[in-house]
Amino acid sequence: MKHLILVTSPPACGKTFVTRQLAKALNDCVYLDKDTLIVLSKQIYKVANQEYDRSSDFFHKEIRDYEYYAIMDIALEALEYNDTVLINAPFKTEIRDKKWLEEMDAKLAKRDAELVVVWVNTSVEVCHQRMIKRNSDRDKWKLEHWDEYVASQNYDPPTDIKNLIIFENSSEEEFEQSIKDAVKQLRG
């Protein structure tokens, strides 16, 4: 059985690190990161004469969904060539949308594949420290409005997902145990 693996969580939970390490541990898989598309998004801001702000209404109306469509199309194509594809992206709306999940399951069934969601579970304080440390322009608004930002995020694992792996990632010890458990579950 092929697997499309979405590694997801709110920002700064460690999605990128977890996805990269999981890809290495699984061996022979395709790793995709939605952030690779940011270069295109920045060009859209420039052409549209908009301030670069990934929390803006402009981003949510004109860019966000298209980044997801693009990375998902690439992932589905990659399943034609490899049995395991990992995507590093929040998918925070999609993984809580029953209709989206059903449609994804149907698309994947046509490719003899199944969806697996890896939820990176990290404490809010650890996320805050990581966001400060990474010092990224995409986090500027979040850090300046931390309480408002945190209130807008859902740190609870999603429900209604058949294949859900909770990946604890608030400490190195949790990470080490979670990577072993995830590989065991995915490679059985």
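Set side by side, the residues 73, 33 differ, and just one is acidic (Asp, Glu) and at pLDDT below 95, which is 33. Taken residue by residue, region 108-121 has at least one member that is in a helix (DSSP H, G or I) and either at pLDDT below 95 or farther than 14 Å from residue 10 by Cα (or both).
Restricting attention to region 82-106, the residues being at pLDDT 95 or above, crowded, with 19+ Cβ neighbours inside 10 Å and within 21 Å of residue 183 (Cβ to Cβ) number 4.
Looking only at region 107-123, residues that are surrounded by 14 or more Cβ atoms within 10 Å (Cβ to Cβ), in contact (Cβ under 8 Å) with a residue 40 or more places away in the chain and of a type in the set (D, E, K, R) come to 1 in all. For residue 45, the conditions (1) under 16 Å from the mean Cα position of the chain (by Cα); (2) buried (at least 16 other Cβ atoms within 10 Å of the Cβ); (3) over 19 Å from residue 2 (Cβ atoms); (4) free of Cβ contacts under 8 Å to residues at least 40 places away in the same chain all hold with the exception of (1). In summary, residue 31 fulfils each of the numbered conditions (1) surrounded by 15 or more Cβ atoms within 10 Å (Cβ to Cβ); (2) within 22 Å of residue 155 (Cα to Cα) with the single exception of condition (2). Going residue by residue through region 168-178, is there one that turns out to be in contact with a Gly (Cβ under 7 Å, 6 or more places away or on another chain) and part of a loop (DSSP other than H, G, I, E, B)? Yes. Taking region 8-24 as the range and being under 18 Å from residue 171 (Cβ atoms) and aliphatic (A, V, I, L, M) as the test, the residues that pass are 12, 18, 22.
For beta carbons closer than 7 Å, sequence separation of 6+ or different chains, a first residue in region 159-172 that is at positive phi and a second that is exposed (fewer than 11 other Cβ atoms within 10 Å of the Cβ), the qualifying pairs are 160/98. Checking each residue in region 1-33 for being assigned to a strand (DSSP E or B), hydrophobic (A, V, I, L, M, F, W, C) and either without any contact (Cβ under 8 Å) to a residue 40 or more places away in the chain or in contact with a Lys or Arg (Cβ under 7 Å, 6 or more places away or on another chain) (or both) picks out only 7. Does residue 2 satisfy the condition of being among the basic types (Lys, Arg), at pLDDT 95 or above and surrounded by fewer than 23 Cβ atoms within 10 Å (Cβ to Cβ)? So residue 2 fits the description; yes. Counting only helices (runs of 4 or more DSSP H) that sit wholly inside region 34-93, those with at least 1 residues that are under 22 Å from residue 186 (Cα atoms) are 64-78.
Kindly indicate whether any position in region 24-31 is under 19 Å from the mean Cα position of the chain (by Cα) and under 30 Å from residue 151 (Cβ atoms). No.
The values are calculated or read from the model by the stated rules, or taken from the named source; none is laboratory data. Being a predicted model, the structure only gives us computed values, none of them experimental. We place every Cβ from the backbone using ideal geometry, glycine too, and count neighbours over all the protein chains shown.
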